[in-house]
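**Student:** Just passing along the structure, written as structure tokens.
The values are calculated or read from the model by the stated rules, or taken from the named source; none is laboratory data. Everything numeric in this text was worked out from a predicted model, so none of it was measured. Heads up, the Cβs are rebuilt from the backbone with ideal geometry, glycines too, and the neighbour counts pull from every protein chain shown.
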Number of protein chains: 2
Amino acid sequence: MLASGDVRGNLLKEDLPTPALCVDLDALEGNIATMAAYARAQGRALRPHGKSHKCSAIARLTLAAGAVGACSAKLSEAEAFAAGGVESILVTTPMVGRHRVERAVRLATRLPGLILVVDHAQNADDLNAAAATAGVSLNVAIDLNVTNRTGVTPGPDAVALAEHLTRLPHLSFQGIQAYAGHTAHVVGFAERAAASHQAMAPAIATRRALEAKGIPCPWLSGASTGTYNIDGEMDGVTELQPGSYLFMDLDYNRIGSRNSPLYDDFANSLTVLSTVYSMPGREQAILDAGLKAFATDTPYPPVVRGIPGALYSFAGDEHARLDVRRASLPVSLGDRLELVIPHCDPTVNLYDRFFAIRGEQVEALWRIDARGMST
Amino acid sequence: MLASGDVRGNLLKEDLPTPALCVDLDALEGNIATMAAYARAQGRALRPHGKSHKCSAIARLTLAAGAVGACSAKLSEAEAFAAGGVESILVTTPMVGRHRVERAVRLATRLPGLILVVDHAQNADDLNAAAATAGVSLNVAIDLNVTNRTGVTPGPDAVALAEHLTRLPHLSFQGIQAYAGHTAHVVGFAERAAASHQAMAPAIATRRALEAKGIPCPWLSGASTGTYNIDGEMDGVTELQPGSYLFMDLDYNRIGSRNSPLYDDFANSLTVLSTVYSMPGREQAILDAGLKAFATDTPYPPVVRGIPGALYSFAGDEHARLDVRRASLPVSLGDRLELVIPHCDPTVNLYDRFFAIRGEQVEALWRIDARGMST
């Protein structure tokens, strides 16, 4: 078995058992630098969303490049990142239910940089009571519903909730989270910008309404990989929380960027390495990476890197079928192919480790320490 | 954190953090007993496929009920089951590539009951050479292509491969694997029976052809949860390898059984427990179980147990939207709902543990020790 850690110089990509989740370090480092430079140039804080990578080692790379902290989708994910040395974490979903409330307070006692979101007064009361018992102050933000999912309705309801938060002695009101998930994958930059402006306007207005009431609201967090350079240029958005830009995927490539029909602001740094382990006839190859190797929530399958015309289709939990009739290169039993991923976030959640690759060398193994952390 | 092991008497289902993968013990035990009784009555060996549960604890329950061993889809899965005390394991996919060949031989040295499948003469030679170096004899079967996936073509090609295997001194020829995956989900019992008879006839003929040539072939393994009581009544099939019957899922429920349009030979023992953690308005509830809590390869979503009319749809990696406008019961913030799973196998692969439930009691935590074992 391969041990975790730095293994420079003694392991090659061709040595890896497959399927293997491989991250190209040059591409990843380029993506990290590009987003960091953008946020810096715009004067916005960058808090990359860790639900994409679920890996403290990658969170630390983004911090080293200037990120102010990390986002996590769930509390257990935040616990993993905290254990991995991340000191400021925004948990982007509500902490409802006894377990979540109690554990969130426990985490806050050892992580002063924890920020929770709230979209319901009762939940705020529950958090306040638990914080009182623990003798701790909780940083909270209102989760604003700008995408028909979680969150309080912008406007008067949100102002009322913020006022409620400011009255609870064990909660410290920080500002607003407004994540407009439905805009992230709108195809076409102009269309996406229009959708995001429409979604975010009520959030920016809510921030102004709070400040008009004398409730300081220094912080408004939003933006996805699709809207980073839209929300990042809105007056009133102070922090960006994209995640997928680290790896990119086919789902984002298709949405188009500011100047190109292919969204190529960031490179596809993540692939699944797979082996041809059966060749029943000349027309198809069977690969060892199927439904358990990729998330399948997109309508399009993985793409074989470097062999145009070789068409992947799922063939069960453990298998894929590669139609090689029009493949630009011959494909043979035992060949190792790299597959570009349709949707990275839930695909990463299938693996226990990243193999971090430079050229053909495996430079490091990074444990995906928040994998499966969904509670 | 919850520790693994027997926790009888001090943990309730309502205490579990969500999303939680819950297996109902009465239902699971019933499914195990039903399939075991069927195989016994038909005089067939039962070797349940471990790719469904990926859990040594469940493999051991099937062994205690009379199974002859387990199947595993991949070598790393077999390694986990072997470590978990399973002594006879059929690995149902080919061991192609240096890593797989070397590791398979290493596993065989400590697990005499390991059986490998081969569909290519070169791969047989590679296994034979590695076995010679290790001084071990490998049990091998031919993997027969009865489903347009892996495997050697039935008939002369298969006979030639079997003859080749018998000539290699470090391989011990066991028989034939013929898994007709494409027939498993054919809707309608008569249609499914027709498809399976068509798929399996060449396998049974190949077995006869081998024996006519004087090559003993005492073993022919096939059948899925969809075809267990079709293949299990075919003259020539000696062993059944279903897996999904342990849990059942919506994907199998819809195919119909011998006497019913709903396939109910086995009970839905597996569910995901989820919490309502946001209620933006009265028409919908937001659940904490999304794309990372379920495999999404089927066209239909999870179903809420006990609340007809509450309609689940995915709302991102971590969220689901429940349309409660026509729900038969009211749904409120903090409610805990049980969701029946569309496709169990790849869903199980998302979780680290089963919570084994009897009534409302959590009787045990079972580690999914082969989770993520895809190499």
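**Student:** Look at A:Gly306 and say whether it is on the phi > 0 side of the Ramachandran plot and at the interface with chain B (Cβ under 8 Å from one of its Cβ atoms).
**Tutor:** Taking the combined requirement at face value, the residue does not satisfy it.
**Student:** I've got another one for you. Quick check: is even one residue across region B:59-71 buried (at least 24 other Cβ atoms within 10 Å of the Cβ) and either out of contact with any helix residue (DSSP H, G or I) (no Cβ under 8 Å at 6 or more places or on another chain) or within 14 Å of chain A (Cβ to nearest Cβ) (or both)?
**Tutor:** yes
**Student:** Of the residues that sit in region A:237-283 and are among the acidic types (Asp, Glu) and surrounded by fewer than 17 Cβ atoms within 10 Å (Cβ to Cβ), which one is farthest from the chain's Cα centre (by Cα)?
**Tutor:** The selected residue is A:Glu283.
**Student:** For A:Leu350, which of the numbered conditions (1) within 10 Å of chain B (Cβ to nearest Cβ); (2) touching a strand residue (DSSP E or B) at 6+ places or on another chain (Cβ under 7 Å) fails to hold?
**Tutor:** (2)
**Student:** Which of the residues spanning region A:259-303 are modelled with pLDDT of 95 or more and among the basic types (Lys, Arg)?
**Tutor:** The answer is A:Lys292, and nothing else.
**Student:** Let me ask something additional. I'd like to check something: does region A:198-211 contain any residue that is farther than 21 Å from A:Thr93 by Cα, out of contact with any Phe, Trp or Tyr (no Cβ under 7 Å at 6 or more places or on another chain), β-branched (Val, Ile, Thr) and assigned to a helix (DSSP H, G or I)?
**Tutor:** No - not one qualifying residue is present in region A:198-211.
**Student:** Limited to region A:309-320, what total is found for residues that are assigned to a loop (DSSP other than H, G, I, E, B) and within 14 Å of another protein chain (Cβ to nearest Cβ)?
**Tutor:** 5
**Student:** A follow-up question, please. Tell me, yes or no, whether region B:327-346 has at least one residue that is over 24 Å from A:Thr150 (Cβ atoms), within 11 Å of chain A (Cβ to nearest Cβ) and among the hydroxyl-bearing types (Ser, Thr, Tyr).
**Tutor:** Within region B:327-346, none of the residues are over 24 Å from A:Thr150 (Cβ atoms), within 11 Å of chain A (Cβ to nearest Cβ) and among the hydroxyl-bearing types (Ser, Thr, Tyr).
**Student:** Next question. Residue check, B:Thr298 against (1) in contact with a His (Cβ under 6 Å, 6 or more places away or on another chain); (2) under 25 Å from A:Lys74 (Cα atoms); (3) more than 7 Å from chain A (Cβ to nearest Cβ), all met but one. Which one?
**Tutor:** (2)
**Student:** Is one or more of the residues making up region A:284-291 more than 10 Å from chain B (Cβ to nearest Cβ) and surrounded by fewer than 22 Cβ atoms within 10 Å (Cβ to Cβ)?
**Tutor:** So far as region A:284-291 goes, no, none of its residues is more than 10 Å from chain B (Cβ to nearest Cβ) and surrounded by fewer than 22 Cβ atoms within 10 Å (Cβ to Cβ).
**Student:** Do we have any residue at all in region B:294-305 that's assigned to a strand (DSSP E or B), within 23 Å of the chain's Cα centre (by Cα) and among the small types (Gly, Ala, Ser)?
**Tutor:** no
**Student:** Can I ask one more? Looking only at region A:262-283, filter to residues that are at the interface with another protein chain (Cβ under 7 Å from one of its Cβ atoms) and in contact (Cβ under 8 Å) with a residue 12 or more places away in the chain; which one of those is farthest from B:Val118 (Cα to Cα)?
**Tutor:** Applying the filter and picking the extreme gives A:Thr275.
**Student:** Just give me the residues in region A:353-364 being farther than 10 Å from A:Leu25 by Cα and within 14 Å of chain B (Cβ to nearest Cβ), in sequence order.
**Tutor:** A:Arg353, A:Phe354
**Student:** Here's something else I'd like to know. Any chance region A:182-195 includes a residue that's among the small types (Gly, Ala, Ser), within 24 Å of the chain's Cα centre (by Cα) and under 24 Å from B:His319 (Cβ atoms)?
**Tutor:** Checking region A:182-195: at least one residue is among the small types (Gly, Ala, Ser), within 24 Å of the chain's Cα centre (by Cα) and under 24 Å from B:His319 (Cβ atoms).
**Student:** Let me ask something else about it. Does region B:103-140 hold any residues that are buried (at least 22 other Cβ atoms within 10 Å of the Cβ), among the polar types (S, T, N, Q) and under 18 Å from B:Ser88 (Cβ atoms), and which are they?
**Tutor:** none
**Student:** If you go through region A:130-161, how many residues are assigned to a strand (DSSP E or B) and over 14 Å from A:Ser172 (Cα atoms)?
**Tutor:** Number of matching residues: 3.
**Student:** Restricting to region A:199-231, what's the tally of residues that are among the acidic types (Asp, Glu) and surrounded by fewer than 19 Cβ atoms within 10 Å (Cβ to Cβ)?
**Tutor:** Of the residues in that region, 1 qualify.
**Student:** For the structure I just gave you, tell me whether B:Ala203 is within 14 Å of another protein chain (Cβ to nearest Cβ), touching a strand residue (DSSP E or B) at 6+ places or on another chain (Cβ under 6 Å), touching a residue at least 40 places away in the same chain (Cβ under 8 Å) and over 23 Å from B:Ser260 (Cβ atoms).
**Tutor:** no
**Student:** Mind checking which residues of region B:134-155 are on the phi > 0 side of the Ramachandran plot and under 20 Å from the mean Cα position of the chain (by Cα)?
**Tutor:** B:Asn148, B:Gly151 - these are the residues of region B:134-155 that are on the phi > 0 side of the Ramachandran plot and under 20 Å from the mean Cα position of the chain (by Cα).
Per-residue answers, yes or no, for (1) out of contact with any Gly (no Cβ under 6 Å at 6 or more places or on another chain); (2) among the β-branched types (Val, Ile, Thr):
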{"residue": "A:Ser260", "(1), (2)": "yes, no"}
{"residue": "A:Asp265", "(1), (2)": "yes, no"}
{"residue": "A:Ile286", "(1), (2)": "yes, yes"}
{"residue": "A:Gly290", "(1), (2)": "no, no"}
{"residue": "A:Leu337", "(1), (2)": "yes, no"}
